[in-house]
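Encoded as structure tokens, the structure appears first; notes follow it.
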Amino acid sequence: MKAPTSLQAGRCAGDRGFTIVELLAAITIVGLLLAVAVPASMRFYDSIKYRQSVRDVITLLGGARYQAVNTGKAQDVMIDTQTRKLRLNKDVRTLPEGFNLVARTAREVNRDNKGVIRFYPEGGSSGGDINIERPDGGGVTISVDWLVGSVSQKPYALD
């Protein structure tokens, strides 16, 4: 066996490491990736919150109609636009900060300065619309048909 005789600057010829230029290049690439990924992930998270809020409202309204038909008693969905809360009996849904809630409901069934959409045992309702607006101005209108109590949605964009 022959012992190695060649040394380069205090290292064995087989040892290799990263140079400072290579480390700076790697850190720069990671920084650029983070600069692109973080804002995109925040937009994605906001989109998820918005879609979940719309689903929550539609589910609550559909559940109120089902309960009215199933129990034979009218069910009221209370809408508090100031606190962004909707309530059906003990079930309360709160929209996240940043979203705006606007309700158009029948004056005859409103109470306590809150909008009310009432679902009747026959399947109909008092009717109304609920707008959920995103911070960017777009949003969705959730409509409850007064005749058959069906719940539908339609997106919109503010000009």
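The values are calculated or read from the model by the stated rules, or taken from the named source; none is laboratory data. Quick caveat: nothing in here was measured; it's all calculated off a predicted structure. Methodologically, a virtual Cβ is constructed for each residue, glycine included, from the backbone with ideal geometry; neighbour enumeration extends over all protein chains shown.
Here are the numbers for this structure:
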quantity: Odd one out for LEU86, checked against (1) assigned to a helix (DSSP H, G or I); (2) closer than 22 Å to PRO155 by Cα; calculated: (1)
quantity: Condition check for ALA103: within 19 Å of the chain's Cα centre (by Cα), surrounded by 17 or more Cβ atoms within 10 Å (Cβ to Cβ) and not β-branched (Val, Ile, Thr); calculated: yes
quantity: Within region 113-159, considering residues that are at pLDDT 95 or above and basic (Lys, Arg), the one nearest to VAL69 (Cα to Cα); calculated: ARG118
quantity: Cross-chain or 6+ apart pairs with Cβ under 8 Å, region 92-107 first and free of Cβ contacts under 8 Å to residues at least 60 places away in the same chain, then exposed (fewer than 14 other Cβ atoms within 10 Å of the Cβ) and in a loop (DSSP other than H, G, I, E, B); calculated: THR94/THR83; GLY98/PRO135; PHE99/PRO135
quantity: Breaking point among (1) modelled with pLDDT of 95 or more; (2) outside any strand (DSSP E or B); (3) surrounded by 12 or more Cβ atoms within 10 Å (Cβ to Cβ), for ASN70; calculated: (3)
